[in-house]
Amino acid sequence: MESGDPLVSAEWLLENFDAPDVRVLDATYFADFTNPPETGRQVWARGHIPGATFFDIDHVADDTSPYPHMLPDAVKFSSRIRKLGVGDGNRIVVYDQNRFFASARVWWMLRVMGHTDVHVLDGGLAAWVEAGGELEDMPPMVSERHFTPRVRSDLVMDAAGLEKAVGSARLAIIDSRPDGRFFGRVPEPREGLKSGHIPGSMNLPGSALITEDGHMKSAKQLAGLFKDPMAPTVTTCGSGVTAAVTALALARLGNWDVAVYDGSWTEWASDPSRPIATEA
């Protein structure tokens, strides 16, 4: 059973950095629709925590899905994660150079595949640098490791399961998108998708969970944002990335069993037969 804090501080990582079982992953990611000047891989190549390998959520993904960076099957995940030098027995720390945008998703993906000794670096690369950590721009030498998947399907929600849950009081559905998209006041950034939300879902933008300096809010601060942090919950967003930040926040509050709707709004709104709400 998972417990404790799913985040570690930069000071903890500095203190434990040389431990032989510690592995660091850089999960920096920028959504295509934001027209980023650089890709996450380019940002990683320019400077990263020494030894950190780059985890590309668009590469460690289901290539057959029409939706972005969907979770791959266990065989593909294991094959690609091994090549990053990560495997059984490792204490994994995931960080981001774009707040918590994708590091939380990688944390969730590893847990779905049964690896529980994984944490997110609170404050990301900026916190590491502020704590006195060094950077390097050379790719690390990596030796493949064996990774044994033990899939936890309860941490993944699909469209069929969510359709059954709509209208049920048994499951809280939290949407992490900005409120303008949730209420249908602004268009979705992905072309062809209606804005709005899954009926019965509640809105808690992912940005509300993060401090101005890029750290996750404290447990006390987070507790005031959720109606019932320990309720059975599924999180959703635009494409399953920010939803994992909400799952991370709930784990900080002790709810480790939150499911992420992997396809999120990109999948839900692509089917005109699915209901879409715009009211509170």
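Return the residue satisfying two criteria in turn: it lies in region 151-168 and is of a type in the set (A, V, I, L, M, F, W, C) and in a helix (DSSP H, G or I), and of such residues it is nearest to Arg105 (Cα to Cα). Looking at residues that are of a type in the set (A, V, I, L, M, F, W, C) and in a helix (DSSP H, G or I), I get Leu155. Determine which member of the set Ala259, Ala247, Ala172 is crowded, with 20+ Cβ neighbours inside 10 Å, within 30 Å of Glu130 (Cβ to Cβ), of a type outside the set (S, T, N, Q) and out of contact with any His (no Cβ under 9 Å at 6 or more places or on another chain). The unique qualifying residue is Ala247. Of the residues Val186, Val258, Val245, Val241, which is more than 19 Å from Trp107 (Cβ to Cβ) and touching a helix residue (DSSP H, G or I) at 6+ places or on another chain (Cβ under 6 Å)? None of the others qualify; the one that does is Val186.
Residue by residue through region 172-184, note down the ones that are without any contact (Cβ under 8 Å) to a residue 40 or more places away in the chain and either part of a loop (DSSP other than H, G, I, E, B) or touching a Cys at 6+ places or on another chain (Cβ under 8 Å) (or both). Answer for region 172-184, where residues must be without any contact (Cβ under 8 Å) to a residue 40 or more places away in the chain and either part of a loop (DSSP other than H, G, I, E, B) or touching a Cys at 6+ places or on another chain (Cβ under 8 Å) (or both): just Pro178. The residues of region 118-152 that are more than 24 Å from Trp12 (Cβ to Cβ) and either without any contact (Cβ under 8 Å) to a residue 24 or more places away in the chain or in contact with a strand residue (DSSP E or B) (Cβ under 7 Å, 6 or more places away or on another chain) (or both), listed by number, are Met138, Met141. Each residue in region 198-213 was checked for being buried (at least 18 other Cβ atoms within 10 Å of the Cβ) and assigned to a loop (DSSP other than H, G, I, E, B), and 4 pass. Scan region 98-112 and tell me whether some residue there is surrounded by fewer than 17 Cβ atoms within 10 Å (Cβ to Cβ) and either small (Gly, Ala, Ser) or over 23 Å from Asp257 (Cβ atoms) (or both). Scanning region 98-112, I find no residue that is surrounded by fewer than 17 Cβ atoms within 10 Å (Cβ to Cβ) and either small (Gly, Ala, Ser) or over 23 Å from Asp257 (Cβ atoms) (or both), so the answer is no. Restricting to region 67-85, and then to whatever is touching a residue at least 24 places away in the same chain (Cβ under 8 Å) and in a loop (DSSP other than H, G, I, E, B), can you tell me which residue is farthest from Thr211 (Cα to Cα)? Ranking the qualifying residues of region 67-85, first place goes to Lys83. For region 104-150, the tally of residues that are in a loop (DSSP other than H, G, I, E, B), under 25 Å from Val75 (Cα atoms) and among the charged types (D, E, K, R) stands at 4.
Take Leu155 and tell me if it is at pLDDT below 95, of a type outside the set (D, E, K, R) and surrounded by 12 or more Cβ atoms within 10 Å (Cβ to Cβ). No.
Restricting region 29-58 to residues that are touching a Leu at 6+ places or on another chain (Cβ under 8 Å) and within 18 Å of Gly214 (Cβ to Cβ), which is surrounded by the fewest Cβ atoms within 10 Å (Cβ to Cβ)? Going through the qualifying residues, I end up with Gly47.
Pairs meeting the criteria (first residue in region 263-280 and free of Cβ contacts under 8 Å to residues at least 60 places away in the same chain, second residue surrounded by 20 or more Cβ atoms within 10 Å (Cβ to Cβ) and not in a loop (DSSP other than H, G, I, E, B), beta carbons under 7 Å, at least 6 apart or on different chains) are Ser264/Thr236; Ser264/Ala243. When Ala131, Ala208, Ala159, Ala172 are checked against the criterion of being in contact with an Asp or Glu (Cβ under 9 Å, 6 or more places away or on another chain) and under 22 Å from Ser103 (Cβ atoms), a single residue qualifies: Ala131.
So, in region 214-231, exactly how many residues are in contact with a strand residue (DSSP E or B) (Cβ under 9 Å, 6 or more places away or on another chain) and loosely packed, with under 14 Cβ neighbours inside 10 Å? Of the residues in that region, 2 qualify. Has region 228-250 got any residue that is in a loop (DSSP other than H, G, I, E, B), within 15 Å of Asp122 (Cα to Cα) and touching a residue at least 12 places away in the same chain (Cβ under 8 Å)? Checking region 228-250: not a single residue is in a loop (DSSP other than H, G, I, E, B), within 15 Å of Asp122 (Cα to Cα) and touching a residue at least 12 places away in the same chain (Cβ under 8 Å). Select from region 86-103 the residues that are at pLDDT 95 or above and outside any loop (DSSP other than H, G, I, E, B) and write down the one among them that is nearest to Ser207 (Cα to Cα). Per the criteria, the residue is Ser103.
The values are calculated or read from the model by the stated rules, or taken from the named source; none is laboratory data. Keep in mind the model is a prediction, meaning the values are calculated, not measured. Cβ atoms come from the backbone with ideal geometry, glycine included; neighbour counts cover every protein chain shown.
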